[in-house]
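Colleague: One structure coming up, written as structure tokens, with questions to follow.
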Amino acid sequence: MMLQQIDTFVGPEVNWFALSPMLTLLGGTLVLMLAGALTPRWPKGLYAFATATIAGAAGVLAMVQWDDITDNGTRTLVAGVIAYDTLSMFMTITICIGVILVALLSDEYLRGTPNDGPEIYALYLVAAIGGIVMASANDLIVLFLGLEALSLALYVLASSNRRSGESAESGIKYFVLGGFSSAFFLYGIALVYGATGTTNISEMVAALQNGVDPFGNESLALAGIALLIVGLGFKVAAVPFHVWAPDVYQGAPTPVTSFMASVGKAAAFAAMLRVLVIALPFYRDDWRPIIWVLALVTLVVGSFLAVVQRNVKRMLAYSSISHAGFVLVGVEAAAHGAGEADPGPGMPSVVLYLILYSVLVIGSFAVVTVVSRSSGGDTDIDSFKGLARRRPVLALAFTVFLLAQAGVPFTSGFIAKFGVIQAAVEVDSYAIAIIAMVAAVVAAFLYLRIMVTMWTSDPAEDAETVAIPFSAGVAIAAAVAFTIVVGIIPGWLIDAADTVTAYAR
Amino acid sequence: MLAAETGPIGFPILTALILVPVIGSLLVALTPKTRPEIPKVIALMSAVGTLAMSVWLMASFETGESGFQFVSKHTWIEPWGISWHLGVDGISLFLVVLTGVLFPLAIVGIDPHHDEKPYLAWLLLLQAGVMGSFLSLDLFVFFIFFEIVLVPMYFLIAGWGYENRVYAATKFFLFTMLGSAFMLVGLIATVAIASRDLGYTTFDLVEIAEGADFATSTGRWLFFAFAIAFAVKVPLVPVHTWLPDAHTQAPTAGSVVLAGVMLKLGTYGLLRFGLYLFPEASFWSRPLWLTLAVIGIIYGAIAATMQTDLKRLVAYSSVAHMGFIVLGTFAFTTQSLSGAVIQMINHGVSTGALFLFVGMIYERRHTRSIAELNGIQKVAPIFAAGFMVVMLSSIGVPGLNGFVGEFLILTGSFLTARWWTVVAAFGVILAALYLLWAYQRVFHGEPDEENQSFPELRVKEGLVLLPFLGLIVFMGVYPKPVLDRIEPAIDALITRVEENTDFVEPEPTIRIGEHGNDEPADGDQPSDEEGDG
């Protein structure tokens, strides 16, 4: 009997090459784990280098596929559960860049700790796969699988500093609250399934577009959407679902924090685009006001609470909440044209913001990592006193990142903000655009405060000299170069981001 | 006029005016620590090179042309319709020259006392930003330069200022950025709405101004979004509170540049992006601006009178003077607008020189408090004489530059904004009150023990001040070459306002140049030859 069933089971056709970025990361993870376990400790820096190479290869494959998509159009893979479009590839590249930079940053940080081995790097790669699956999912269940792969890796990463109670606390907090949000999300999928009869995004769009509500139960769908928004809101740390973020960001090892703020956030927002903008345009008038309110409170609360912090990691955590508010402004703009043939500039502005912000936030946390190493893990703002006298180049790099986060021209941060505001204004969302800009001014105060501490106060008498490890230096230099080059010549990236509106459906 | 054309010799001089300071700044930043004498040489070469180019620009500027000259236009960010579009007309020409003149003098004349290298690098970046703001004809390009000047200025104030510098620098940054926040949204909305008329997206100022037709209420909203940013920058009461702090706490060079050219970004912006882009809205809202301007004139003067800190006094006098410029701008007559433009230059020269003097006093006595200074005239008569000339120019005494501007503004404004002008005229008297009173307290009387040893003006300081004094006298007795270049652009601007509203410019009652309010002097050299000294 069993054998007969196996005979009749027809597996979906799998286009292996189209899945190659994910497969590269997966294969790389396994090789890293196995080889790492079976061989003696690798020479200095090789784990990080291997990780960066794997992520780089995945990124290059994604670019190759970008060309293929440009030439041959978008499609869905593996029986329609994975979307093969430039949105997936854009986010894949963003996530791979994030992994490369974070791996370089982690190298020196992990040396001399019990974690100096392949495990942390393997977890980065696993999380990256999860993120890519989230960004490419064309089925809510697959999206949930990606979400869990990302989240589970991040729970472990957050608590990975075994010598620190704060890290353990951060891990457990993240785990409990993350578990809650996953449950919300899953329940949301169940309700939406109940309302539409499918979890596949393409089928869902088709079912809703026919105007046929199979069970005649719209409230089921709306309740499902509400739960989905709660789940996603947790993952992107939108107010009022943000309370975990400052504690987790502060407690986690700094490279991991940078990973959560870049890759984690980018993947969660990509998932939000998939779930809301691509899958549920039918209900856009229902969920758009919710996003509007979320954007508003996220911007305001994030900016104001950032200003009163004293710990640099906590400041950057709140500032990342305020940046999430900016991205939500882009999502709100995308909502106006969701599901139409020309969806407008909302989605491109969101993905542009994500890639630019990811690099910025990793760069910022990289400087924090380097500085806090010399002060014994202390990330109080006082440990940045007089950094300009001790390490002028490092202070200059941090200044570039902070100015970019504040949205000063000639940096990538300005291009990111400009794109989002432009998208909002084009759909006549003037109020939220103005609120976002005013919130940016409030947040600018925070960045100025850090800069003042670095440039105008004298270093403490007992301040240790700050050593810049080579690999972290490379990561910081690359991030600075990217920030300035994109700030001056952004056209190519904007062109690339503009293609994501032609998503697979 | 819209075609991309460069200057007579095909050299992209406007781009060079922006890039030379940037390159200078990078070179300064890259000099090794072991050679502390090099940064100043590089900075000076860069600043003098910029000055030479701006003088050449003025010399080859076609007098009598109202359009933009030396236009250079290149696509920059294609998907967003942004181009590197630069041009200069009569309104911006002298602001560019003023920027060229002030920076080399600030570099030579003022010693930062510590960390000279970053100081010079920031100063040059500031120059590039200011130049870019005056030259750009693309909304996006204008905005990024308008915004970027905050960064070097912030660092100059926070790094080289006086006791309360961090507070002042932060306040300055946040106030201006808040204004810009509204402008950015307004700017993008302008482009988005204009693109519906034009059929394509462009940030080009000229294309939008000529091709787009904003509905009346839309235009008014957009104008206000821009105007908030400029009102903060000018600054107009009630958003002026950053200025006394920033001016007082800034290092001398910072104050000179802030008063000299950066405040003009606000009034220039009102002309270029208010009157030119939104003529109807500007005309409609003129009672508001006239009222704010007059409040600024009177309030600034009264506040200046009551100051105990000499630098703060000069700062508040700026509030009053900038009020005159706004008054002239929103009176919509050729004379008042020409007066406003020429007053921008005059205020830059006079107040810049005043801040230099206050800086020198601080260097000598380490105080800015009026109460601690007395009898300086006895021990340093040349110093006092120089201060006197600059002060009289600031008061607006005939024969010096301040008079020309204020007189043109008041005569022009009287025709269209009579009662505002009447009140504003009291501001001239108040200016005499606070400046003369301050002069009396600081320079007259018997010097006490601490002021006995007040050193006389040094030769180097004198050489730095000479161009300022030359300009003050020259512009006072022979402003014609300057006015000739300004007026065509102003006439075009007023024509534009007349076309878009029911406003008709009244005939001037006093014709300057025909009845001879300014005696025609004999020199026919361009107005800033003294500026080269």
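Colleague: Of the residues in the range A:65-106, how many are assigned to a helix (DSSP H, G or I) and either of a type in the set (Ser, Thr, Tyr) or on the phi > 0 side of the Ramachandran plot (or both)? Break it down into steps so the answer makes sense when it comes.
Modeller: Our first condition is that a residue be assigned to a helix (DSSP H, G or I); within the range A:65-106, this holds for A:65-72, A:86-106.
After this cut, where a residue has to be either of a type in the set (Ser, Thr, Tyr) or on the phi > 0 side of the Ramachandran plot (or both) as well, the list is A:70, A:86, A:88, A:92, A:94, A:106.
So the count comes out to 6.
Residues are listed down the side, and each one gets a yes or a no for (1) out of contact with any Phe, Trp or Tyr (no Cβ under 8 Å at 6 or more places or on another chain); (2) within 25 Å of A:Glu340 (Cα to Cα); (3) in contact (Cβ under 8 Å) with a residue 12 or more places away in the chain:
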| position | (1), (2), (3) |
| --- | --- |
| A:Tyr283 | yes, yes, yes |
| A:Pro289 | yes, yes, no |
| A:Trp292 | yes, yes, yes |
| A:Thr298 | yes, no, yes |
| A:Ala317 | no, no, yes |
| A:Ile321 | yes, no, yes |
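Colleague: Let me spell it out: the conditions are (1) out of contact with any His (no Cβ under 9 Å at 6 or more places or on another chain); (2) buried (at least 24 other Cβ atoms within 10 Å of the Cβ); (3) closer than 30 Å to A:Val427 by Cβ; (4) more than 10 Å from chain A (Cβ to nearest Cβ), and B:Asp138 meets all of them except one. Which number is the exception?
Modeller: Status for B:Asp138: all satisfied but (1).
Colleague: Among the listed residues B:Val166, B:Val151, which satisfies the condition of being free of Cβ contacts under 8 Å to residues at least 12 places away in the same chain, part of a helix (DSSP H, G or I) and within 11 Å of another protein chain (Cβ to nearest Cβ)?
Modeller: Working: B:Val151 fails: free of Cβ contacts under 8 Å to residues at least 12 places away in the same chain.
Exactly one of B:Val166, B:Val151 is free of Cβ contacts under 8 Å to residues at least 12 places away in the same chain, part of a helix (DSSP H, G or I) and within 11 Å of another protein chain (Cβ to nearest Cβ), namely B:Val166.
Colleague: Is it true that A:Ala388 is aliphatic (A, V, I, L, M), buried (at least 18 other Cβ atoms within 10 Å of the Cβ) and under 23 Å from the mean Cα position of the chain (by Cα)?
Modeller: Working: aliphatic (A, V, I, L, M): yes; buried (at least 18 other Cβ atoms within 10 Å of the Cβ): yes; under 23 Å from the mean Cα position of the chain (by Cα): no.
So A:Ala388 does not fit the description; no.
Colleague: Take the residues of the range B:110-135 that are assigned to a helix (DSSP H, G or I) and farther than 28 Å from B:Ile91 by Cα: which is nearest to the other protein chains (Cβ to nearest Cβ)? Even if it seems obvious, please write down each step before you answer.
Modeller: At the first step, the residues of the range B:110-135 found to be assigned to a helix (DSSP H, G or I) are B:116-135.
Add one more test, that the residue is farther than 28 Å from B:Ile91 by Cα, and what stays is B:116-121.
Numbers: B:Glu116: 14, B:Lys117: 10, B:Pro118: 9, B:Tyr119: 12, B:Leu120: 15, B:Ala121: 11 Å.
Filtering first and then ranking leaves B:Pro118.
Colleague: Of all helices (runs of 4 or more DSSP H) completely enclosed by the range A:294-403, which ones contain at least 2 residues that are closer than 17 Å to A:Val480 by Cβ and not aromatic (Phe, Trp, Tyr)?
Modeller: Details: elements: A:312-336, A:346-374, A:387-390.
Once the helices (runs of 4 or more DSSP H) in the range A:294-403 are filtered for at least 2 residues that are closer than 17 Å to A:Val480 by Cβ and not aromatic (Phe, Trp, Tyr), what remains is A:346-374, A:387-390.
Rundown of residues vs (1) closer than 30 Å to B:Arg368 by Cβ; (2) modelled with pLDDT under 90, yes/no style:
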residue: B:Met183; (1), (2): no, no
residue: B:Ala189; (1), (2): no, no
residue: B:Asp197; (1), (2): no, yes
residue: B:Phe203; (1), (2): no, no
residue: B:Gly211; (1), (2): no, yes
residue: B:Trp242; (1), (2): yes, no
residue: B:Gly266; (1), (2): yes, no
residue: B:Leu275; (1), (2): no, yes
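Colleague: Any chance you could count how many residues in the range A:466-505 are in a loop (DSSP other than H, G, I, E, B), away from chain B (no Cβ under 14 Å) and over 22 Å from A:Gly344 (Cα atoms)? Lay out the reasoning, then the answer.
Modeller: We begin by selecting, within the range A:466-505, every residue in a loop (DSSP other than H, G, I, E, B); these are A:466-469, A:489-490, A:502-505.
In the following step, the residues that additionally are away from chain B (no Cβ under 14 Å) were identified as A:466-469, A:502-505.
From what is left, the residues that are over 22 Å from A:Gly344 (Cα atoms) are A:466-469.
Looking only at that region, the number is 4.
Colleague: Let me ask something else. Specify which of the listed residues (B:Phe407, B:Phe403, B:Phe387) is more than 19 Å from the chain's Cα centre (by Cα) and of a type in the set (Phe, Trp, Tyr).
Modeller: Numbers: B:Phe407 fails: more than 19 Å from the chain's Cα centre (by Cα); B:Phe403 fails: more than 19 Å from the chain's Cα centre (by Cα).
Exactly one of B:Phe407, B:Phe403, B:Phe387 is more than 19 Å from the chain's Cα centre (by Cα) and of a type in the set (Phe, Trp, Tyr), namely B:Phe387.
Colleague: Still on this structure, I have one more. When you look at B:Phe454, is it closer than 24 Å to B:Leu275 by Cα and either touching a Phe, Trp or Tyr at 6+ places or on another chain (Cβ under 9 Å) or at pLDDT below 90 (or both), yes or no?
Modeller: Working: closer than 24 Å to B:Leu275 by Cα: no; either touching a Phe, Trp or Tyr at 6+ places or on another chain (Cβ under 9 Å) or at pLDDT below 90 (or both): yes.
Criteria not met by B:Phe454.
Colleague: Would a scan of the range B:75-94 turn up a residue that is free of Cβ contacts under 8 Å to residues at least 40 places away in the same chain, within 11 Å of another protein chain (Cβ to nearest Cβ) and not in a helix (DSSP H, G or I)?
Modeller: yes
Colleague: Right, something else. Condition check: assigned to a helix (DSSP H, G or I) and either modelled with pLDDT of 90 or more or under 13 Å from the mean Cα position of the chain (by Cα) (or both). Does B:Ala229 satisfy that? Explain how you work it out, then say what you get.
Modeller: Working: assigned to a helix (DSSP H, G or I): yes; either modelled with pLDDT of 90 or more or under 13 Å from the mean Cα position of the chain (by Cα) (or both): yes.
Against the criterion (assigned to a helix (DSSP H, G or I) and either modelled with pLDDT of 90 or more or under 13 Å from the mean Cα position of the chain (by Cα) (or both)), B:Ala229 qualifies.
Colleague: If we keep just the residues of the range B:169-191 that are more than 7 Å from every other protein chain (Cβ to nearest Cβ) and hydroxyl-bearing (Ser, Thr, Tyr), which is surrounded by the fewest Cβ atoms within 10 Å (Cβ to Cβ)? Quick ask: steps written out before the conclusion?
Modeller: To start, the set of residues in the range B:169-191 that are more than 7 Å from every other protein chain (Cβ to nearest Cβ) comprises B:169, B:171-172, B:175-176, B:179-180, B:183, B:186-187, B:190-191.
Now drop any that are not hydroxyl-bearing (Ser, Thr, Tyr), which leaves B:176, B:180, B:190.
On the way: B:Thr176: 27, B:Ser180: 25, B:Thr190: 28.
The residue in question is B:Ser180.
Colleague: Ok, one more. (1) aromatic (Phe, Trp, Tyr); (2) outside any helix (DSSP H, G or I); (3) within 28 Å of A:Val452 (Cβ to Cβ): which one isn't true of B:Phe175, the others all being true?
Modeller: With respect to (1) aromatic (Phe, Trp, Tyr); (2) outside any helix (DSSP H, G or I); (3) within 28 Å of A:Val452 (Cβ to Cβ), B:Phe175 is out only on (2).
Colleague: For A:Ala397, which of the numbered conditions (1) at the interface with another protein chain (Cβ under 8 Å from one of its Cβ atoms); (2) within 15 Å of A:Leu360 (Cβ to Cβ) fails to hold?
Modeller: Here A:Ala397 clears every test but (1).
Colleague: All but one of (1) within 11 Å of chain A (Cβ to nearest Cβ); (2) touching a residue at least 40 places away in the same chain (Cβ under 8 Å); (3) crowded, with 23+ Cβ neighbours inside 10 Å hold for B:Phe230; which doesn't?
Modeller: The number of the failed condition is (1).
The rows are residues; the columns are (1) under 19 Å from A:Phe414 (Cβ atoms); (2) crowded, with 24+ Cβ neighbours inside 10 Å; (3) more than 17 Å from the chain's Cα centre (by Cα).
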| residue | (1), (2), (3) |
| --- | --- |
| B:Val96 | no, no, no |
| B:Pro104 | no, yes, no |
| B:Val108 | no, no, yes |
| B:Val151 | yes, no, yes |
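Colleague: Is it true that some residue in the range A:422-431 is in contact (Cβ under 8 Å) with a residue 12 or more places away in the chain, part of a helix (DSSP H, G or I) and more than 10 Å from chain B (Cβ to nearest Cβ)?
Modeller: Checking the range A:422-431: not a single residue is in contact (Cβ under 8 Å) with a residue 12 or more places away in the chain, part of a helix (DSSP H, G or I) and more than 10 Å from chain B (Cβ to nearest Cβ).
The values are calculated or read from the model by the stated rules, or taken from the named source; none is laboratory data. None of these values were measured; they are calculated from a predicted model. Positions of Cβ are backbone-derived with ideal geometry, glycine not excepted, and every protein chain shown enters the neighbour counts.
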